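Structure first, then comments.
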Amino acid sequence: MKRFVASIANIDRSLYVIAGVVLACMILLTFFDVILRNFGHPITGSMEFIQYGGCIVFGFSIPYGTMLGAQVIVDIVTEKLSPKKRQIIEVITRCVGILLFLFIAYNFYVYGMDVRKTGERTASFKIPYYPFAFALSFSFLLQSFTIFCDLIKKMKGVENE
């Protein structure tokens with residue numbers, strides 16, 4: 001089980017690095033597009049790259065943020081509960097989260113398969129849509145595994161690192 005948790009953490013970090021590199025490229029692309037637009041030579045298709053980059057940044061950064069415990073937790077109600085009841089609520093919410101992200105991953109996969117069959121592509125560069133749907137599907141599947149790892153820690157009584 002330790003190997004599974006460690007491998008999920010490594011994949012989370014790798015996707016987070018990819019998201020950071022894509023974000024840096026998006027910043028540079030936007031910067032140069034604004035500069036060149038002022039000289040009358042905008043970068044063709046820059047909006048497509050920004051949109052797909054945003055998809056990757058969003059999807060690939062979520063699992064790592066969950067691993068770090070960076071999400072906002074409103075615990076007005078749960079802080080008044082006993083530790084045992086609080087742990088039960090945390091286990092229930094993590095189970096719901098796992099199911100929710102598995103559902104989202106499955107639906108992105110189905111959507112990717114549909115888009116792959118239809119052959120939809122972007123307007124400017126004819127980039128196919130389906131790899132991005134599959135990337136989001138993988139990311140949300142990984143998110144459910146990350147929540148599962150957190151659930152294991154909660155059940156063992158170990159707090160987030």
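The values are calculated or read from the model by the stated rules, or taken from the named source; none is laboratory data. Since the structure is predicted, the reported quantities are computational estimates derived from the model, not experimental observations. Every residue, glycine as well, gets a Cβ built from its backbone with ideal geometry; the counts of neighbours run over all protein chains shown. Side chains are part of the model used for accessible areas, which takes the heavy atoms of the whole protein and leaves out ligands, DNA and RNA. Shrake-Rupley method; radii C 1.70, N 1.55, O 1.52, S 1.80 Å.
So for the range 1-76, what are the equivalent ellipsoid semi-axes in whole Å, largest first, each being the square root of 5 times an eigenvalue of the Cα gyration tensor?
They are 34, 15, 8 Å, listed from largest to smallest.
At what distance in angstrom do the alpha carbon centres of the range 32-74 and the range 89-161 lie from each other?
18 Å
How much length would be gained if the chain were fully extended between M47 and L81, taking 0.36 nm per residue of separation minus their Cα-Cα distance, in nm to one decimal?
Here the segment from M47 to L81 would lengthen by 7.4 nm.
Give me the count of lysine pairs in the range 55-161 whose alpha carbons sit under 29 angstrom apart, restricted to pairs 8 or more positions apart or on different chains.
Eligible lysine pairs with Cα atoms under 29 Å apart amount to 10.
With every protein chain left in place, what is the accessible area of E79 in Å² (1.4 Å probe, nearest 10)?
For E79, solvent-accessible area is about 110 Å².
Given a 1.4 Å probe and heavy atoms of the protein chains only, how would you sort R86, R3, largest accessible area at the top? The partial results should precede the final answer.
Details: R86 80, R3 210 Å².
My answer, sorted largest first, is R3, R86.
Quick one: putting +1 on the C-beta of Lys and Arg, -1 on the C-beta of Asp and Glu, what dipole do you get for the chain around its Cα centre, in Debye to the nearest 20?
About 480 debye.
Beta carbons within 10 angstrom, averaged per residue: use that to sort the peptides 5-13, 132-140, highest first.
Listed from highest to lowest mean packing, they are 132-140, 5-13.
Considering only protein heavy atoms, what is the solvent-accessible area of L142 at a probe of 1.4 Å, reported in Å² to the nearest 10?
Rounded to the nearest 10, that gives 10 Å².
Accessible area, 1.4 Å probe, largest first: how do M113, M47 sort? Walk me through the intermediate numbers first.
Numbers: M113 60, M47 120 Å².
Ranked from most to least accessible, the order is M47, M113.
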